[in-house]
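Undergrad: Let me begin by handing over the structure; questions about it come next.
The values are calculated or read from the model by the stated rules, or taken from the named source; none is laboratory data. Owing to the predicted nature of the structure, the values given are computational and were not obtained by experimental measurement. Glycine gets a Cβ as well: all are built from the backbone with ideal geometry, and neighbour counts include every protein chain shown.
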Amino acid sequence: MLGDGDIIIDGGNSRFSDDAPRGERLGERGIGYLDAGVSGGVWGKHNGYGLMVGGAQEHVERLMPIFEALKPAGEFGFVHAGPVGAGHYAKMVHNGIEYGLMHAYAEGYELLAKSEVVTNVPGVFKSWREGTVVRSWLLDLLDRALDEDPELAELSGYTEDTGEGRWTVDEAVRLAVPLNVITASLFARFASRQDDSPAMKAVAALRQQFGGHAVRKR
C-alpha cells in the first residue's frame, strides 16, 4: 500500500540496530523511514510527548507539522537526533536514565520507611516537589502514588523491564562506558522477580561453612 514518496514513522520502542536495515529496504522502493523515540507515557496526550527522531533531514522537515502537534509547546521536547537509528538510540538511553532515577527514588523511599525518626514519609516526598534539586516529574508521580497508597501496600515489588535498559547496558559494554547506576537498577529489577534468591542462598551457605554463622531454615 506504500509507494514512492511515502514515509514510515516507527514511534515504538524498537531496537535502534533494526532501524538502518529497515531504512535501506524501504529506501530501495523510494519510501522514507523515520525512527521516533516517544516519551510521555499515558500523560503525553495532555502534556505533549517528548520526541527524539532519527532520519533524513528532508523527511524530518516534511513531517514537522506532525511533530509540532505532538510535542509540548515551547522550545523543548523535540530533537532531530541524527540519521536513521538515532531516535531510538536516544530513547534507549533516555529509558536507561529513567531506570536509574526511579531506583534512586525507590531506595530513598525504603530508607525513609525504615527510619525510626521520620513519621511522615509521603510528606517528605511532597516537600521535595518544589525548591529542591531532586524535583522531577517522576517525583511528582511517586507523590501521586503515595497519596493513593501511603505504604504501597497494594503493590507487589515484582518489576518487569521492557528491553531498553538491557540494550543500554549492552551498548555500555560494547563502548566500554561505565554505567554503574543504570546497570545496578536493571539488575535490581531482576532481583525483584526472585522469591528466594539462589545466589543469596549460596552466600548464606558459604558463611555457615567457613565461619559457622547461623542460617535461617525454611
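Undergrad: If a residue counts only when it is within 28 Å of Val38 (Cα to Cα), which helices (runs of 4 or more DSSP H) contained entirely in region 90-178 have at least 3 such residues?
TA: Counting at least 3 such residues, we get 137-148, 164-175.
Undergrad: Filter region 11-52 for residues that are within 19 Å of the chain's Cα centre (by Cα), of a type in the set (A, V, I, L, M, F, W, C), modelled with pLDDT of 95 or more and over 17 Å from Glu164 (Cβ atoms) and give the result.
TA: Hits for region 11-52: nothing passes.
Table: residues versus (1) surrounded by 11 or more Cβ atoms within 10 Å (Cβ to Cβ); (2) hydroxyl-bearing (Ser, Thr, Tyr).
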residue: Asp149; (1), (2): yes, no
residue: Glu154; (1), (2): no, no
residue: Ser192; (1), (2): yes, yes
residue: Met200; (1), (2): yes, no
residue: Phe210; (1), (2): no, no
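Undergrad: Look through region 156-189, keep the residues that are surrounded by 11 or more Cβ atoms within 10 Å (Cβ to Cβ) and of a type in the set (Phe, Trp, Tyr), and return whichever of them is farthest from Gly100 (Cα to Cα).
TA: Checking each candidate, the answer is Trp167.
Undergrad: Further, regarding this structure: Considering each residue of region 3-40, count those that are aliphatic (A, V, I, L, M) and under 19 Å from Leu70 (Cβ atoms), and give that number. Give the steps one after another, and end with the answer.
TA: First pass over region 3-40, keeping only residues aliphatic (A, V, I, L, M): 7-9, 20, 26, 31, 34, 36, 38.
Okay, now just the ones that are also under 19 Å from Leu70 (Cβ atoms), so 7-9, 34, 36, 38.
Total meeting the criteria: 6.
Undergrad: OK, next. Identify all residues within region 10-68 that are surrounded by 13 or more Cβ atoms within 10 Å (Cβ to Cβ), of a type outside the set (Phe, Trp, Tyr) and part of a loop (DSSP other than H, G, I, E, B); write none if there are none.
TA: Scanning region 10-68 gives Gly11, Asn13, Ser14, Arg15, Ile31, Gly40, Gly48, Gly55, Ala56, Leu63.
Undergrad: Take the conditions assigned by TED's automatic domain parsing to the domain that holds Glu98, in contact (Cβ under 8 Å) with a residue 24 or more places away in the chain and either out of contact with any strand residue (DSSP E or B) (no Cβ under 9 Å at 6 or more places or on another chain) or hydroxyl-bearing (Ser, Thr, Tyr) (or both) and apply them to Leu175. Does it pass? Give the derivation first.
TA: Values: assigned by TED's automatic domain parsing to the domain that holds Glu98: yes; in contact (Cβ under 8 Å) with a residue 24 or more places away in the chain: no; either out of contact with any strand residue (DSSP E or B) (no Cβ under 9 Å at 6 or more places or on another chain) or hydroxyl-bearing (Ser, Thr, Tyr) (or both): yes.
In short, no.
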